[in-house]
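The values are calculated or read from the model by the stated rules, or taken from the named source; none is laboratory data. What you are looking at is a predicted structure, and each value in this text was computed from that prediction instead of being measured. With ideal geometry, Cβ positions are generated from the backbone for all residues, glycine too; neighbour counts draw on all protein chains shown. The protein model used for the area step is the full one, side chains on, heavy atoms only, and it has no ligands, DNA or RNA in it. Shrake-Rupley method; radii C 1.70, N 1.55, O 1.52, S 1.80 Å.
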Amino acid sequence: MERETKCIHAGYSPKNGESRMIPIVQSTTFKYDSSEDMGKLFDLEADGYFYTRLANPTNDYVAKKICALEGGSAAMLTSSGQAATFYSVFNICGAGDHVVSSSTIYGGSYNLFAVTMKRMGIEFTFVDPDCTEEELNAAFRPNTKAVFGETIANPALIVLDIEKFAKAAHAHGVPLIIDNTFATPMNCRPIEWGADIVTHSTTKYLDGHDSTVGGCIVDSGKFDWFAHADKFPGLTTPDESYHGVVYAEKFGLEGAFITKATAQLMRDLGSIQAPMNAYLLNLGIESLPVRMERHCSNALKVASFLEQHENIAWVNYPSLPGNKYYDLAQKYMPDGTCGVVSFGVKGGRAAAEKFMGKLKVAMIATHVADARTCVLHPASSTHRQMNDDELIAAGVGPDLVRLSVGIENVNDILADLAQALED
Ligand SMILES: *Cc1c(COP(=O)(O)O)cnc(C)c1O
């Protein structure tokens, strides 16, 4: 099946007389005929559901769909993108371990790594995504367990050279984890470029309608845990909390990572997505191909319009010819990047605030990547505590406006921008 077809059909095929749409299994628990049947589930000897804190059929239909889209071997939904990021790293790292991460990642991921996971004893080295191979290799330590990056960084809109990061990760015997939220599997499949694990905030384009917070982890099934067994004892030595199961042995390279994350992390931390939310997410994914096409074509028209406008100082959009990341974007995302454009209004902070106040179609919101065009001025909202010098150092100048271009008729978006930019 092509990706457009997978968005509709993958993950669930009803049998004779069954519901055509995925059923919402709104049940905390599942019934068994005997204690012996149930015991087999607890020993991971049999497949099945027993409690929705760990797994639920509705979630699994949707996870399988995203897995098929990314070209992975196994996948799981989580309650948020933050939970997906955390689980993807924590599943193979513990106190005393180290991770190499691109420095231009989503602010929430940065805080999770630099503050919260640091408190758990996991250290991160942040590298410039544009660094040389030598610089990247120099960031590794004997206790490095993973490399992390983002396909298109939110909000910096920097395109990651996935092959460069995959090569360095594999040379050091560790997997590459890629957050593919902004590109979506319609525009980029990181596994095809060497990524081992892919994460998503499904809250963004995958849901696409501003209605459910969620996340997903997809495993490629390609990383050979046994080839680096000493680095990954959690996958290659017995788990005493499941009667000595060795995940990579019992579930193979295809199933080990996701089974371990479900059996241990969902069991103990419980960041499960509600089945009702998974149902809504699935509805969103069905129209992902048509929405992404429109997001990208609208955003390119908006970026070109802004670039020509006399009151605009600069425009950043990776699909715009002349952009610093244009060539990388064409290589990894030839069909388009995403709907998010950032730009500077001439006249700095005051001009940016005045411009935003005049917008009528574009709504002021901290959200990005959904059907409605929305706009944010970080200097007066998310980065409000910083002065102008600090803002510039953080790469979010006082004039920066982040515009998430929606799927409305582009003429309405352009007219809105034009009237708001009038002197
Ligand atoms: C929003 C976002 C996240 C966090 O996802 P939530 O669903 O808000 O928890 C992670 N990565 C990227 C790139 C994001 O845009």
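Points worth noting:
- Just one of the listed residues (ILE158, ILE162) is open to solvent by less than 10 Å² (accessible area, probe 1.4 Å), in contact (Cβ under 8 Å) with a residue 60 or more places away in the chain and touching a Pro at 6+ places or on another chain (Cβ under 6 Å), and it is ILE162.
- The residues of the stretch 67-87 that are closer than 15 Å to THR151 by Cβ and within 11 Å of the ligand (Cβ to nearest atom), listed by number, are GLY81, ALA84, THR85.
- The helices (runs of 4 or more DSSP H) found entirely in the stretch 1-86 that carry 2 or more residues being over 30 Å from ILE191 (Cβ atoms) are 35-42.
- Test: residue in the stretch 338-350 that is of a type in the set (A, V, I, L, M, F, W, C), open to solvent by 60 Å² or more (accessible area, probe 1.4 Å) and at pLDDT below 95: yes
- GLU133 closer than 25 Å to ALA229 by Cα, of a type in the set (Asp, Glu) and at pLDDT 95 or above: no
- Those residues of the stretch 159-187 which are assigned to a helix (DSSP H, G or I) and under 12 Å from the mean Cα position of the chain (by Cα), in sequence order: THR184, PRO185
- Residues satisfying the stated conditions in the stretch 188-201, i.e. in contact with a helix residue (DSSP H, G or I) (Cβ under 8 Å, 6 or more places away or on another chain), in a helix (DSSP H, G or I) and away from the ligand (no atom under 14 Å from the Cβ): ILE191, TRP193
- Of residues in the stretch 402-420 being of a type in the set (A, V, I, L, M) and over 22 Å from the mean Cα position of the chain (by Cα), the one surrounded by the fewest Cβ atoms within 10 Å (Cβ to Cβ): ALA418
- Condition check for LYS231: open to solvent by 10 Å² or more (accessible area, probe 1.4 Å), of a type outside the set (S, T, N, Q), in contact (Cβ under 8 Å) with a residue 40 or more places away in the chain and within 12 Å of the ligand (Cβ to nearest atom): no
- Taking the stretch 312-423 as the region of interest, the helices (runs of 4 or more DSSP H) fully inside it that hold 2 or more residues being touching a Lys or Arg at 6+ places or on another chain (Cβ under 7 Å) are 410-421.
- First in the stretch 32-59 and touching a residue at least 40 places away in the same chain (Cβ under 8 Å), second anywhere and of a type in the set (Gly, Ala, Ser), Cβ under 6 Å, 6 or more apart: ARG53/GLY270; THR58/ALA278; ASN59/ALA278
- Selection from the stretch 91-111 of residues that are surrounded by fewer than 22 Cβ atoms within 10 Å (Cβ to Cβ), more than 12 Å from LYS145 (Cβ to Cβ) and either over 16 Å from the mean Cα position of the chain (by Cα) or more than 11 Å from the ligand (Cβ to nearest atom) (or both): SER103
- Selection within the stretch 297-353 - without any contact (Cβ under 8 Å) to a residue 24 or more places away in the chain, in contact with a Gly (Cβ under 9 Å, 6 or more places away or on another chain) and not polar (S, T, N, Q): GLU307
- Qualifying residue in the stretch 196-210 (condition: crowded, with 16+ Cβ neighbours inside 10 Å and more than 20 Å from MET292 (Cβ to Cβ)): yes
- Residues of the stretch 205-228 classified as more than 16 Å from the ligand (Cβ to nearest atom), in contact with a helix residue (DSSP H, G or I) (Cβ under 6 Å, 6 or more places away or on another chain) and in a loop (DSSP other than H, G, I, E, B), total: 2
- Within the stretch 173-193, residues that are open to solvent by less than 10 Å² (accessible area, probe 1.4 Å) have Cβ atoms under 6 Å from residues that are within 13 Å of the ligand (Cβ to nearest atom) and among the small types (Gly, Ala, Ser) in these pairs: ILE177/SER88; ILE178/GLY149, counting only partners at least 6 apart in sequence or on another chain.
- For the stretch 122-145, residues that are open to solvent by less than 30 Å² (accessible area, probe 1.4 Å) and either away from the ligand (no atom under 16 Å from the Cβ) or free of Cβ contacts under 8 Å to residues at least 24 places away in the same chain (or both) total 8.
- Number of the condition not met by MET356 [criteria: (1) among the hydrophobic types (A, V, I, L, M, F, W, C); (2) without any contact (Cβ under 8 Å) to a residue 12 or more places away in the chain; (3) closer than 19 Å to PHE305 by Cα]: (2)
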